[in-house]
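Q: My structure is below; once you've seen it, I'll send some questions.
Just so you know, all these numbers are worked out from the coordinates, no wet-lab data involved. If you're wondering where the values come from, they're calculated on a predicted model, not measured in any experiment. For neighbour counting, all protein chains shown are included, and Cβ atoms are generated from backbone atoms with ideal geometry for every residue, glycine included.
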Amino acid sequence: MSLLAVPIIAVLALFLVLFTSTVLFVYLNKLKNKMIILNMEVQGQSLLVNELQALNNKLQQEFDVLAESRDKQTAENTQISQQLEHRIKNLQQQAIEQQKVFTQWQESQGQDKFYNRAFKLAEKGADIEEIMDECELPRAEVEMLLSVYQQRVRAQ
């Protein structure tokens, strides 16, 4: 090798080192920029996760409030249903008792053929005048009989 070849090799080696260093420096700067961008994205994602967790907590609280409200409403509806069932039973019992009283009254009036005939005409839908003519009863008695009949029909 010649003397000139050693400096050329040294210059080439120096150039190669400088070039490699420059490429590595540029590459490292790009990586550093990507790292900065990724860190910013991570921070943004972290903020988004925190917001979502806060929203999730708020929704959970609202859900809990709604569930509690639903439970209270269900308990209240159950209580109202029980009260209504009790009232219905009482009304049914009263209707049965009134039916018994009415049946007893009807049986006690059974001997009077005019009243029985008038009641049957009322069941068929006859008016006051027709019942008065057919049964030879005064208007006041026919009106009373129709009133009793209408109460009986409503009770059924």
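Q: Would you calculate the separation in nanometres between label points at THR103 and LEU91, each defined as 7 Å from the Cα along the Cα-to-beta-carbon direction?
A: Modelled inter-label distance: 2.2 nm.
Q: Classify the range 39-80 as rounded, prolate or oblate, taking a ≥ b ≥ c as the square roots of the eigenvalues of its Cα gyration tensor: rounded when a/c is under 1.5, otherwise prolate if a/b is larger than b/c and oblate if not. Working shown, then result.
A: Working: a/c = 10.78, a/b = 9.52, b/c = 1.13.
Since a/c reaches 1.5 and a/b is larger than b/c, the shape of the range 39-80 is classed as prolate.
Q: Could you give the length gained on full extension between ASN77 and ALA155, defined as 0.36 nm per residue of separation minus the Cα-Cα distance, in nm?
A: Fully extending the segment from ASN77 to ALA155 adds 25.3 nm.
Q: Just from its helices, what would the mean residue ellipticity at 222 nm be for the chain, if runs of 4 or more DSSP H residues each count -39500 (n - 2.57) and the sum is divided by every residue, rounded to the nearest 500 deg cm²/dmol? Don't skip to the answer; put the middle values down first.
A: Numbers: 4 runs with 140 residues, N = 156.
The helix contribution divided over the chain gives -33000 deg cm²/dmol.
Q: Another one. Relative contact order of the chain: what whole-number percent is it, with Cα pairs under 8 angstrom and at least 6 residues apart? Show your work: numbers first, answer last.
A: Numbers: 32 pairs, mean separation 20.1, N = 156.
In percent, rounded to a whole number, it is 13.
Q: Another question, if that's okay. Return one quarter of the surface area of the convex hull spanned by the alpha-carbon atoms of the range 1-87, equal to its mean projected area, in nm². Intermediate values should be presented prior to the final figure.
A: Numbers: hull surface 36.5 nm².
Mean orientational projected area (the range 1-87, Cα hull): 9.1 nm².
Q: Taking all pairs of different Cα atoms in the chain, averaging 1/r and flipping that mean, what Kirkwood radius in angstroms comes out?
A: On the way: mean 1/r = 0.0380 Å⁻¹.
Roughly 26.3 Å, rounded to one decimal.
Q: May I pose another question? Please give the helix 113-123 orientation as an angle from the longest Cα principal axis of the chain, in degrees from 0 to 90, rounded to the nearest 10.
A: That helix lies at roughly 30 degrees to the long axis.
Q: Distance in nm between label sites at GLU143 and PHE15, each 7 Å beyond Cα in the beta-carbon direction?
A: If labels sit at GLU143 and PHE15, their model points lie 13.4 nm apart.
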